[in-house]
Amino acid sequence: MSQQKFASNIVEKCLTFGGPEERKLLVNEILGSTEENELLQAMMKDPFGNYVVQKVLETCDDKSRELILSRIKVHLSALKRYTYGKHIVSRVEKLVAAGERHIGQSSSSKQNI
């Protein structure tokens, strides 16, 4: 559904306004039941699906985000060759940089204590 224009908008709204349990269900659906990540790979390259993946990264809990990022990172070099995959690469790079800043701030604030 997230590979169709209007359906992807609805999935994004569900991620934004849904509760933690609904988000978890959607994340589990996107990740699938195998390590191959076929659905996630297809969504990352899709004109509409890539926005859903970005919204998942924006709205999910830390544990889910780490899991999704670990599965996305495997495909980063291939994603750079796709127009819509580049959006995912950019978002992942921003999240990684923000995480590194957050970790740096946490350790420096602990040092100040």
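Here are the numbers for the structure shown:
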| quantity | calculated |
| --- | --- |
| Single condition Val74 does not satisfy, out of (1) farther than 28 Å from Phe6 by Cβ; (2) open to solvent by less than 80 Å² (accessible area, probe 1.4 Å); (3) of a type in the set (A, V, I, L, M, F, W, C) | (2) |
| Any hit, region 34-50, residues being under 18 Å from Lys94 (Cβ atoms), in a helix (DSSP H, G or I) and at pLDDT 90 or above | yes |
| Qualifying positions in region 47-69 - in contact with a Phe, Trp or Tyr (Cβ under 6 Å, 6 or more places away or on another chain) and open to solvent by 20 Å² or more (accessible area, probe 1.4 Å) | Pro47 |
| Conditions (1) open to solvent by 50 Å² or more (accessible area, probe 1.4 Å); (2) at pLDDT 85 or above: number failed by Arg101 | (2) |
| Whichever residue in region 1-33 is within 22 Å of Leu76 (Cα to Cα) and assigned to a loop (DSSP other than H, G, I, E, B) and, among such residues, is least open to solvent (accessible area, probe 1.4 Å) | Ser2 |
| Which listed residue, of Leu57, Leu31, is under 13 Å from the mean Cα position of the chain (by Cα) and under 20 Å from Lys80 (Cβ atoms) | Leu57 |
| Residues of region 77-89 classified as farther than 12 Å from Tyr51 by Cα and either open to solvent by 40 Å² or more (accessible area, probe 1.4 Å) or not hydrophobic (A, V, I, L, M, F, W, C) (or both), total | 5 |
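The values are calculated or read from the model by the stated rules, or taken from the named source; none is laboratory data. Please read all numbers here as calculations on a predicted model, not as lab measurements. Cβ atoms come from the backbone with ideal geometry, glycine included; neighbour counts cover every protein chain shown. Side chains are part of the model used for accessible areas, which takes the heavy atoms of the whole protein and leaves out ligands, DNA and RNA. Shrake-Rupley method; radii C 1.70, N 1.55, O 1.52, S 1.80 Å.
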